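Enquirer: The structure is given below, and queries will be raised subsequently.
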Amino acid sequence: MAKVKAAVFASGSGSNFEAMMQAGELPCEIALLVCDKPGAGVVDRAARLNVPVYESSPKQFADKAAFEKDLVGKLREAGIEWIFLAGYMRLIGPVLLGAYEGRILNIHPSLLPDYPGADGIGDAFRAGAEVTGVTIHYVDAGMDTGPVIAQREVEIMSDDTIDSLAERIHKVEHVLYPEVIRKLIIEE
Ligand code: GRF
C-alpha cells in the first residue's frame, strides 16, 4: 500500500527537514517541500534529497487568503494529507487551517507555553532559565499555541552560550520530530 503523503513547510536552513529525510523508515512519504523564502538553505537540501519544491511567497498574491488558497490547491494536487512545519516563520491562516484541520504539526525550540515566538532559544537563555527544551504541537491560529503532543527537556548549563545551547536543542529536535511522526501516523 502506498504511504500517506506529507509536506514540510520551512523558511530557513532546513536541518529538521533533512533529519526527517535521513531518519530511516517513516510511515509517510515527504512528497513536497514548501518554502516561502527565496534562496533559503532548505531549498538546496531538497534538491540534494530529490524532494520536489514549491516556492511561494505571500508577496505574489493579493492577500494571505489568496496565498493559502493557492497552496491548498498545490497540496491537494500532490495528494498531501499531513503538513509538518519545520522552521516555517509564518502564522497559518484560516484557509490552510480549514483544509488541514488537525493535520498540521509544528516544532518549537522551548517547552511551550514558555518562550513562544521567533527566538525561543535566545529568550530562554536570556531569561536565565535552567531548563528549556523542544515541543511538538498541533497548529492552531495562534503563535505556538496549539495542543502539545510531545516535549523533551534540555538543560541549560552554566557555561552554555546561545550557540552551544542551540546545538543541543537541534540534536533533540532531529530525533523527536521523526519519533512523533512515526507514532502519530501509525496510530491514525
Ligand atoms: C528549529 O529550531 C525549530 O524548532 C524552529 O525553527 C528552527 C528551524 O531550524 N521552529 P531548521 O531550519 O530546521 O534548521
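Every number here is computed from the coordinates shown, using simple stated rules; none is lab data. Owing to the predicted nature of the structure, the values given are computational and were not obtained by experimental measurement. Cβ atoms come from the backbone with ideal geometry, glycine included; neighbour counts cover every protein chain shown.
Enquirer: For the stretch 66-119 and the stretch 154-188, what is the centre-to-centre distance using only Cα atoms, to the nearest Å?
Expert: 19 Å
Enquirer: Let me ask something additional. With +1 assigned to the C-beta of every Lys and Arg and -1 to the C-beta of every Asp and Glu, and no other charges, what is the dipole magnitude of the stretch 1-58 about the Cα centre in debye, to the nearest 20?
Expert: With only Lys, Arg, Asp and Glu charged at Cβ, the dipole is about 40 debye.
Enquirer: Let me ask another. Calculate the radius of gyration of the Cα atoms of the chain to one decimal place, then report Dmax, the largest Cα-Cα distance, as a whole number, both in Å.
Expert: Reported Rg and Dmax, both Å: 16.2, 51.
Enquirer: Provide the packing ranking of 78-85, 142-149, i.e. peptides ordered by the mean count of other C-beta atoms within 10 Å per residue, highest first.
Expert: 78-85, 142-149
Enquirer: Run the quick spin-label model on Ala150 and Lys59: label points 7 Å from Cα toward the beta carbon, then report their separation in nm to one decimal.
Expert: About 3.6 nm, to one decimal.
Enquirer: Express in nm, to one decimal, how much length is gained between Glu77 and Ser164 on full extension, taking 0.36 nm for each residue of separation and deducting their alpha carbon distance.
Expert: 27.2 nm
Enquirer: At 222 nm, what value in deg cm²/dmol follows for the chain if DSSP H runs of at least 4 each add -39500 (n - 2.57) and the sum is divided by all its residues, to the nearest 500?
Expert: -11500 deg cm²/dmol
Enquirer: Once you've got the Cα coordinates, tell me which of Lys5/Lys171; Lys59/Lys171; Lys5/Lys37; Lys59/Lys183 are over 31 Å apart.
Expert: Distance filter (> 31 Å) returns Lys59/Lys171; Lys59/Lys183.
Enquirer: Using all alpha carbons of the stretch 84-188, what is the percent of pairwise distances in each 10 Å bin, ordered from the shortest bin to the longest?
Expert: So the P(r) values, bin by bin, are 15, 47, 29, 8, 1.
Enquirer: Semi-axes of the stretch 45-107's equivalent ellipsoid from the Cα gyration tensor, sqrt of 5 times each eigenvalue, largest first, rounded to whole Å?
Expert: After scaling each eigenvalue by five and taking roots: 18, 15, 13 Å.
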